[in-house]
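Since the structure comes first, as structure tokens, the remarks are kept for the end.
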Amino acid sequence: MSTATRFRTLKDMPKEDYLSAGNTMCAGCGGILAVRIFHKVLGPNVAWVNAAGCMTIAMSYPLSPLKSNWIYTAFASAPAGAQGVRDALDVLVAKGKLPVSEDMKVVVVTGDGAAYGIGFQSTAGAIDRHLDFYYLCYDNEAYGNTGFQMSSSTPYGSASKTTPPTAANPIGNTHKKMDLFEVWRAQGAPYVATLSNSHGVDFLKKVEKGGTVKGPKLYIDFAACPTGWGYDPKDSIELEKLAVQTGVWPLKEAVDGVVKHTLVPRSLLPVKEYLKRQERFSHLFEPAEMTDVIRTIQSSVNAYWAEAGAREGFSVKVPDSA
Amino acid sequence: MPTEGDLADDGGGHAVKGKLLTGNAAAASAARLARVDYIPAYPITPQTEIIETIADWVREGTMDAKFVQLESEHSMMTAAGTASLAGARVFTATSSQGLLYAMEMLYNVSGWRAPMVLVNVSRALAAPIVLEPDHNDVLAARDSGFIQLHSETCQEVADMVLLAYRVAEDSRVMLPAIVNLDGFYLSFTRERVVLPDQKGVDSFLPPYQPPHPLRASQPVAKGTAVMEGFVYSYFKYNMHAAAVRAKKVFSEAARDYKELFGRDYGPVEGYRLDDAEYVIVMSNSFTTLGRQAVNRMRERGVPAGLLKLRMVRPFPTEEVVALLKGRKAAAVFDQNLSPGSGGILFPEVAASMYHVRDRPQTILPVVGGLGGKQLTSDEMTSIFEEMIAVNSGSKPLAPMFLMRSEEMAKVKRAVALAEGGS
Amino acid sequence: MMLRVRFHGRGGQGAKTASRILGDAAFNDGYYSQDFPIYGAERRGAPVAAFTRFSDGEITERGFIFSPDIVGVMDDSLIDDPLANPFAGLRKGGCAVVNTTKRSDALLADRKDATIIAVDLTGMALKMLGKAVLSSGIAAAVARVAGIGESQFLAAVAEELREVGLSEEMVRKNVELAMAVYGQLAPLELRTEELPTKLELVPLAVVVSGEGMEDVTRTGNSAVRHTGNWRTFKPVIDYEKCTDCMICYAYCPESAMSVREDGRVAIDYDNCKGCMICLTECPLRAISQTMEGGTR
Ligand SMILES: Cc1ncc(C[n+]2csc(CCOP(=O)(O)OP(=O)(O)O)c2C)c(N)n1
Ligand code: SF4
Ligand code: SF4
Ligand code: SF4
Ligand SMILES: [Mg+2]
């Protein structure tokens, strides 16, 4: 795997846009920003394979914001769709029916609902078969397109339309967010990475690096969602930054199973700083602060970094969780 | 059931003997002859033998294609559809639960206008789970936009697969197709099949060239969302029109096929219809039993005949009308059941005849053979007897649900064992 | 008598809530009533519509209102947005209530047969609520014009806003705002007449004359959508302060920024949705915002 990179600062971001202006996503959507940046690194020759979600609506007939190829499949089977495209291109090239210049990068793009849940069977199959494709999951931590119901990616303590905080159940979602990164890694995917749009250079480098790897590559992008999370769209990047700075969203990669954090904060901001800026966590602060819940969130972040530090030999100063 | 003597013509004027093949082997052989590029697969009885055969050929290098086993039929159909969009000729096969598991994708693949051939080996649907055939599986896909060709014999299986590619990939159609064959009665039954020669198939079936495949140099977006019902209606009406056109395209292809290989296929097939007054309408492998019943009735001096539906989608309305009008009575034998309504094909046949002035006075609905229930020749002739009785007014019209007394006795014993008591 | 009301807004402005307030108000006032939004993936800022019908007899209509008696336009930028087309089908003798700071005669010059009412709802909302919440204001204007009783209407405002989870304080303030708008207008004697239309059914043979495949081969053609209409605020770059660091460019989710040949960043106002990420992220505060249009 090459370590040389063409990305040192944000100024190195390619100037070519393969996403045209005029899409139908919400103003300030982190998901579409991820697609835009991802595409810049991949270049023009891409076949996107999509599962149901917000991104599906972005490509509404007769207008296609993406300049490249696109197929909307269904909610559950985008990776299988990628399998079909990849295999077809391979076999047509092998049979001499298609010039190599027509070959493309095959990229699955789905939300977390598909990636962590209904599409997971199909994903597991694609990883098993070592399918050569990219999987970009824009993770807005719920089912955005249907109005923000919980998914397996919804974090503990988040409100959603199907986990509303009530008097009987004041916490909101009581499940822990599933660790998709580890699931892919355990299954032997050669490249797995987390991304945050707010950390553009890290983002660009990871997509570049994955490009040198054959096989299934997962990118989980922390995709701020003003509509679902409840904040002013101007703060999308700020929230993504805060998620990284509080340690809620670690930036890391796993190359052939070896995990490395690509950004190790010297000290973490308290998770409260991140939580309190979003409507989906407002029940943790109003009418009264739910200190025990916030503490639970803080201590799970702290435990994560303690364990990661012990494994990789770094230490991070964490906020008090007591 | 070969009807044209022992020897067939291979198209080059040479008499060939053919060989004994199962329906599954015939399907796989036809896929190979079609020079399929891609086979996404998933096992299910009684279809599995098809994909095993192909996997074997691909591995040993006697079939130049890519074979991939997916993790479900839903995924299998997704991969099949997207590969077709990318320009590959795709073959796949399933059965029963698998077809229903893939159902969401059937509508997507046809909506993409992605031609391919799916062989469905009919097997009745759970619950209760059973391995033998009826047609609830394939008819559940009736409205999906797939062309449907149903086979009576192993020979027809091979021929329908090749015809299906020609029709599906025609620029006037661009729709996927299902070729149906019955589990066990065809899938595992060996009978004489004459396979077309490769050279003939190559001239019959031009390479697959979709108008807008996914390409780096000429990108295309497929399956984009539509936000308005009238745009959706436009595309659906177009799918309908393409499916309707498929009948004419089939007839053209069948003409070429006959010229090359000697076998003649229409959307429907009549048997002893010339002077027939009582006609049974049916499809798939039990049609053979229907023919036998016709012969027995004829021996008794009854002018009986049979109308076989080979093409189920598009529905061959004109052909059905042409062959049923002027008859005294007809019966529609449905090897399927829509609980609360009855057989699924009966209303289609009856509706076809509704505006025809000299339509049969009686159209008798018959349901039988569910879960592969065997049918004796007496059971089959009883359908004609009932038709005649109803039509002569000696009996009121009531749908027939076939079950023999000795079968019922066995059922009773089984129920007693299951539930205790006597 | 039946009145058909169509509300036009942008995703997030509360068109659906307005239609429900009016539906409740009419119901409280003893009418048969019906209300519904266009169900779609409504994105904040994108044109949306919602509908209310009410009648003293049973309602035998359903679905989209093609020829409204009253339209409620929550944002005057919608008037020129072909995706919204808020005055389409407005009946002769009908009424349009528009949230705007413009004069009413500047809005729909070619429809002398309709009554146009201009109200600065945004201004009132900003003053009384501190935010541009428009649902109660537009519902109040329409309810008043339509002659719905005040107490029945105000009860509906409170009911619906509680339903969407507003605090009691905001509910109270909204009721006050609604009262103020209601009090400012007078009922209209509406005698409407459908605009003449001619039904021409297209035979199937015409519908299916083409290839009929759903392919988009002109990929990247979305700029014609002009999502610039979604903007409330407009970002403006001060090129004196800008150092071409490209941070704003990197984080614009819309591809509504480009880097010119000379290295300077530029905003495509046709499609910039006004999310203001660029403004927030510019380290040199070289981007400022101005209000769009007259409404806001
Ligand atoms: C089989 C099936 N079940 C349910 C749906 C409805 N549905 C469409 S999108 C969606 C949620 C998608 O969530 P996610 O994958 O997180 O993407 P997002 O909407 O957040 O972008 C659901 C439930 C569907 N399209 N198909
Ligand atoms: S709901 Fe969230 S993810 Fe979906 S388009 Fe809006 S901002 Fe993006
Ligand atoms: S406000 Fe700025 S970041 Fe947002 S769309 Fe417009 S130019 Fe892009
Ligand atoms: S972020 Fe500010 S300084 Fe940097 S390019 Fe944009 S406007 Fe100029
Ligand atoms: Mg999501």
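The values are calculated or read from the model by the stated rules, or taken from the named source; none is laboratory data. Just so we're clear, the structure is a prediction, and the values are computed from it rather than from any experiment. Cβ atoms come from the backbone with ideal geometry, glycine included; neighbour counts cover every protein chain shown. Keep in mind that these areas ignore ligands, DNA and RNA; they rest on the heavy atoms of the full protein, side chains included. Shrake-Rupley method; radii C 1.70, N 1.55, O 1.52, S 1.80 Å.
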**Message:** Tell me yes or no: at least one residue of the range A:142-151 is of a type in the set (S, T, N, Q), within 14 Å of chain B (Cβ to nearest Cβ), outside any loop (DSSP other than H, G, I, E, B) and surrounded by fewer than 23 Cβ atoms within 10 Å (Cβ to Cβ).
**Reply:** no
**Message:** Given the options A:Gly247, A:Gly228, name the one that is away from ligand 1 (no atom under 16 Å from the Cβ) and outside any strand (DSSP E or B).
**Reply:** A:Gly247
**Fill in**
Log entry, pairs with first residue in the range C:244-262 being in the same structural domain as C:Pro283 (by TED's automatic domain parsing), second being within 16 Å of ligand 5 (Cβ to nearest atom), beta carbons closer than 6 Å, six or more apart or on different chains, reads C:Pro253/A:Cys29; C:Pro253/A:Ile32; C:Pro253/A:Leu33
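Quick check on A:Val49: is it open to solvent by 10 Å² or more (accessible area, probe 1.4 Å), more than 16 Å from ligand 5 (Cβ to nearest atom) and out of contact with any Cys (no Cβ under 8 Å at 6 or more places or on another chain)?
No, not satisfied.
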**Output for the range B:91-106, where each listed residue is surrounded by 24 or more Cβ atoms within 10 Å (Cβ to Cβ) and more than 18 Å from the chain's Cα centre (by Cα)** = B:Met105
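I'd like to check something: does the range C:200-215 contain any residue that is within 24 Å of the chain's Cα centre (by Cα) and acidic (Asp, Glu)? Break it down stepwise before answering.
Step one: of the range C:200-215, the residues within 24 Å of the chain's Cα centre (by Cα) are none.
Within the range C:200-215, none of the residues are within 24 Å of the chain's Cα centre (by Cα) and acidic (Asp, Glu).
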**Request:** Among the candidates A:Ser64, A:Ser60, single out the residue that is within 28 Å of A:Ser236 (Cα to Cα), at the interface with chain B (Cβ under 7 Å from one of its Cβ atoms) and touching a Phe, Trp or Tyr at 6+ places or on another chain (Cβ under 9 Å).
**Result:** A:Ser64
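How about the range A:54-81: which of its residues are small (Gly, Ala, Ser), assigned to a loop (DSSP other than H, G, I, E, B) and open to solvent by less than 10 Å² (accessible area, probe 1.4 Å)?
Quick first cut of the range A:54-81, residues small (Gly, Ala, Ser) only: A:58, A:60, A:64, A:68, A:74, A:76-78, A:80-81.
Subset that is assigned to a loop (DSSP other than H, G, I, E, B): A:64, A:68, A:74, A:76-77.
Those that are small (Gly, Ala, Ser), assigned to a loop (DSSP other than H, G, I, E, B) and open to solvent by less than 10 Å² (accessible area, probe 1.4 Å): A:Ser64, A:Ser68, A:Ala74, A:Ser77.
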**All positions within the range A:29-47 that are within 19 Å of C:Ala223 (Cβ to Cβ) and within 16 Å of ligand 1 (Cβ to nearest atom)** = A:Cys29, A:Ile32, A:Leu33, A:Val35, A:Arg36
**Fill in**
Among residues of the range B:107-165 being small (Gly, Ala, Ser), in a loop (DSSP other than H, G, I, E, B) and away from chain C (no Cβ under 14 Å), the residue surrounded by the most Cβ atoms within 10 Å (Cβ to Cβ) is B:Ser151
**Request:** Could you tell me whether the range A:24-47 includes any residue that is away from ligand 4 (no atom under 16 Å from the Cβ), more than 11 Å from chain C (Cβ to nearest Cβ) and assigned to a loop (DSSP other than H, G, I, E, B)?
**Result:** yes
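Only one of C:Ala106, C:Ala118, C:Ala155, C:Ala146 is without any contact (Cβ under 8 Å) to a residue 40 or more places away in the chain and open to solvent by less than 60 Å² (accessible area, probe 1.4 Å). Can you tell me which? Don't jump to the end; show me each part of the working.
Values: C:Ala106 fails: open to solvent by less than 60 Å² (accessible area, probe 1.4 Å); C:Ala155 fails: without any contact (Cβ under 8 Å) to a residue 40 or more places away in the chain; C:Ala146 fails: without any contact (Cβ under 8 Å) to a residue 40 or more places away in the chain.
After ruling out the rest, the residue left standing is C:Ala118.
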**Request:** Could you tell me which of the residues C:Thr243, C:Thr232, C:Thr280 is surrounded by fewer than 18 Cβ atoms within 10 Å (Cβ to Cβ), over 30 Å from B:Gln218 (Cβ atoms) and of a type in the set (Val, Ile, Thr)?
**Result:** C:Thr243
**Extreme residue, most open to solvent (accessible area, probe 1.4 Å), among residues of the range C:13-30 that are out of contact with any Lys or Arg (no Cβ under 9 Å at 6 or more places or on another chain) and farther than 24 Å from C:Lys131 by Cβ** = C:Phe27
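Kindly indicate whether any position in the range A:120-135 is open to solvent by 60 Å² or more (accessible area, probe 1.4 Å), modelled with pLDDT of 95 or more and within 13 Å of ligand 2 (Cβ to nearest atom).
Within the range A:120-135, the subset open to solvent by 60 Å² or more (accessible area, probe 1.4 Å) is A:121, A:128-130.
Pick out the ones that are also modelled with pLDDT of 95 or more and you get A:121, A:128-130.
From the residues that got through so far, the ones that are within 13 Å of ligand 2 (Cβ to nearest atom) too are none.
Looking through the range A:120-135, none of the residues is open to solvent by 60 Å² or more (accessible area, probe 1.4 Å), modelled with pLDDT of 95 or more and within 13 Å of ligand 2 (Cβ to nearest atom).
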**Prompt:** Is there any pair linking a residue in the range B:384-408 that is at positive phi to one that is of a type in the set (D, E, K, R), with Cβ under 8 Å and at least six apart or on different chains, and which?
**Reply:** none
**Prompt:** Say we look at the range A:1-31 and pick out the residues that are without any contact (Cβ under 8 Å) to a residue 40 or more places away in the chain and out of contact with any Lys or Arg (no Cβ under 9 Å at 6 or more places or on another chain); which of these is most open to solvent (accessible area, probe 1.4 Å)?
**Reply:** A:Lys11
**Asked** Among the strands (runs of 3 or more DSSP E) contained in the range C:1-101, which hold 2 or more residues that are within 17 Å of the chain's Cα centre (by Cα) and touching a residue at least 24 places away in the same chain (Cβ under 8 Å)?
**Response** C:2-10, C:47-55, C:70-73, C:95-99
**Fill in**
Sole miss for A:Gly84 among (1) away from chain B (no Cβ under 12 Å); (2) in contact with a Phe, Trp or Tyr (Cβ under 8 Å, 6 or more places away or on another chain); (3) assigned to a helix (DSSP H, G or I) is condition (1)
**Asked** Do we have C:Ile138 as away from chain B (no Cβ under 14 Å) and in contact with a Pro (Cβ under 9 Å, 6 or more places away or on another chain) here?
**Response** no
